[in-house]
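Engineer: Mind having a look at this structure? Questions to follow.
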Amino acid sequence: MVLPLVSRWSARVLWASPGWRRTYTQRACVGLKRLGCPRGVYSPLAHRAYSVVAGGPEVTLTPERYPVQRLPFSTVSEEDLAAFECIIPGRVITDPEQLQTCNVDWLKTVRGCSKVLLRPQTSEEVSQILRHCYKRNLAVNPQGGNTGMVGGSVPVFDEVILSTALMNQVISFHDVSGILVCQAGCVLEELSRYVQERDFIMPLDLGAKGSCHIGGNVATNAGGLRFLRYGSLRGTVLGLEVVLADGTILNCLTSLRKDNTGYDLKQMFIGSEGTLGVITAVSIVCPPRPKAVNVAFLGCPGFAEVLQTFRTCRGMLGEILSAFEFMDTECMQLVGQHLQLTNPVQESPFYVLVETSGSSAGHDAEKLTNVLEQVLNSGLVTDGTMATDQRKVQMLWALRERITEALSRDGYVFKYDLSLPVERLYDLVIDLRTRLGPRAKHVVGYGHLGDGNLHLNVTAEAFSRELLGALEPYVYAWTAEQRGSVSAEHGLGFKKKDVLGYSKPPVAVTLMQQLKAMLDPEGILNPYKTLPAQA
């Protein structure tokens, strides 16, 4: 139910358009320990990679939009296809229609022209495929759920697409330690269902959870909505199995919480975006499932009040504060315009979503109610609503999680994922609205305030080189002046690889390039991505 908190608190009934999200009551098909999207279950953004609608405008080929030259890799021959067929019979895809969605990112901003998609089921099959590609000098594009934001998951030219979609087995789960071991192609939402049935949760949660793969999450070091409470994957991932460029299988799939022997090799591959090796299996520790979850959605009169509300929540809620998200009024307008979701509070310049997770429903609800009374009476919040019921909690979360979907329907989107000091988090949005003027359709800001992560988005009717020139490198230089990061959680991929120097010193970039050359001397793994091009 939605609770009116004090006499001035909003008591309007919370609702959203029917069918946009369901409380999942179906059991995932984990009896066989094979995870996949069950039919008939809807999830926001569950099929983001399939947003290229038949009959819609064709996405421009990446080399026609961006200045990039094909490196001297071999092209796939009939002999190569025959070799692949011997390794994975019946799972070599060359049908252009099936390849279309794998060649295009879900934002419809980059498009490759790969002629072959490979769908292995085991690490040994991945090893044999890479061993062949290494000998033949064939470039390989590892691909998970294809939900990336920076063009890292699709080919730039004609790279062989290596999909992990069929590598979707749970290997083991320990119900005392909460340690899950699974293949890299397991869908995050399906893993969440699996561990929730055992009273645990996954330590990360993303808007794209209905289609993103855990291997892709690790390869991009995805952050998401639970970062404030559970930290990054660099802390929760215990071990990895990785296939190197030459086909060597590196098995560091430990389930130990403590192991202080030698270099921690898994950290090289977390966030490497498939450029150093292909992640095939993951060992990850899952926190116990909270017994009580409460969510409040609040309206704030200004960004200064948003910051003070965060400070109050952090001080009064302590360890039960699990998420603190913010969005500006333009985000809310776009969610309403394109997705027909309804604002549950009165219109405000800013909105925040506060989530608590704990072990005592009464204790947590009382703490959150006290906080909300405090921020309301002090003028930090002008209106708000609170939900404890699972369905209403999901409805409130949808207002934040589906912003990306709403933006994608507003036109071409220039996306920036920045880490900044929290006190400067929104200044860039204001700056850009003045700088861009009518050239931009919308300039919006939202994100994870609790960990200083701004999602800056600029929409236009179509791709514009003039608008891109006004944004870049201005956004990156502005971020560097604040000692921020040009990529907080999305990675660098293809689109951001040349701006690495704004966040890392030359010595660090050189060391990364040397590491790449050592592990992948032929450069076949996800070329044109993550690292700036070398002369």
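The values are calculated or read from the model by the stated rules, or taken from the named source; none is laboratory data. Here the structure is a predicted model, which is why all the values come from computation and not from measurement. Methodologically, a virtual Cβ is constructed for each residue, glycine included, from the backbone with ideal geometry; neighbour enumeration extends over all protein chains shown. Areas reflect the complete protein model, heavy atoms only, side chains present, ligands, DNA and RNA absent. Shrake-Rupley method; radii C 1.70, N 1.55, O 1.52, S 1.80 Å.
Engineer: Suppose every Lys and Arg Cβ carries +1 and every Asp and Glu Cβ carries -1, with no other charges. What dipole size does segment 298-437 come out with about its Cα centre, to the nearest 20 debye?
Structural biologist: 200
Engineer: I would also like to ask the following. Can you pull the one-decimal nm distance between simple spin-label points at residue 433 and residue 68, each 7 Å off the Cα toward Cβ?
Structural biologist: Between residue 433 and residue 68, the simple spin-label model gives 3.4 nm.
Engineer: Right, another one. Quick check: at a probe of 1.4 Å, how many percent of the accessible area of the chain sits on carbon and sulfur atoms?
Structural biologist: About 53 percent, which is the carbon plus sulfur part of the accessible surface.
Engineer: Ok, one more. Mind checking the dipole of segment 411-503: about its Cα centre, +1 per Lys or Arg Cβ, -1 per Asp or Glu Cβ, Debye to the nearest 20?
Structural biologist: Values: 11 positive and 11 negative charges, 51 e Å.
Dipole of segment 411-503, to the nearest 20 debye: 240 debye.
Engineer: Output the pairs from 266/504; 108/415; 258/516; 209/504; 108/495 with a Cα-Cα distance over 18 Å in this structure; if there are none, say none.
Structural biologist: 266/504; 258/516; 209/504
Engineer: Here's a follow-up. Counting other Cβ atoms within 10 Å, which chymotrypsin sites (Phe, Trp or Tyr not before Pro) in segment 206-291 have at most 14 and lie in a DSSP loop?
Structural biologist: Values: sites: 227, 230, 263, 269; in loops: 263.
Listed in order of number, the matching sites are 263.
Engineer: If one takes the longest principal axis of the Cα atoms in the chain, at what angle in degrees, from 0 to 90 and to the nearest 10, does the Cα axis of helix 329-339 lie?
Structural biologist: Roughly 70 degrees between the two axes.
Engineer: Loop only by DSSP, 16 or fewer other Cβ within 10 Å of the Cβ. Give me the chymotrypsin sites (Phe, Trp or Tyr not before Pro) in segment 457-518 that pass, ordered by residue number.
Structural biologist: 463
Engineer: Still on this structure, I have one more. Using the heavy atoms of the protein chains alone and a 1.4 angstrom probe, what is the accessible area of the chain per residue in square angstrom?
Structural biologist: That works out to 41 Å² for each residue.
Engineer: Nearest 500 deg cm²/dmol is fine: what mean residue ellipticity at 222 nm does the chain get from its DSSP H runs of n ≥ 4 alone, each adding -39,500 (n - 2.57), divided by its residue count?
Structural biologist: Theoretical 222 nm ellipticity from helices: -8500 deg cm²/dmol.
Engineer: A further question on this structure: Enter the Cα centre distance for the pair segment 107-151 and segment 436-481, rounded to the nearest angstrom.
Structural biologist: Result: 30 Å between the Cα centres.
Engineer: Would you please name the GluC sites (Glu not before Pro) within segment 418-516 that are DSSP coil residues with at most 15 other C-beta atoms within 10 Å of their C-beta?
Structural biologist: Sites meeting the loop and neighbour criteria: 461.
Engineer: Antiparallel as a % of all DSSP beta bridges within the chain, to the nearest 5?
Structural biologist: Details: 66 of 74 bridges.
Close to 90 percent.
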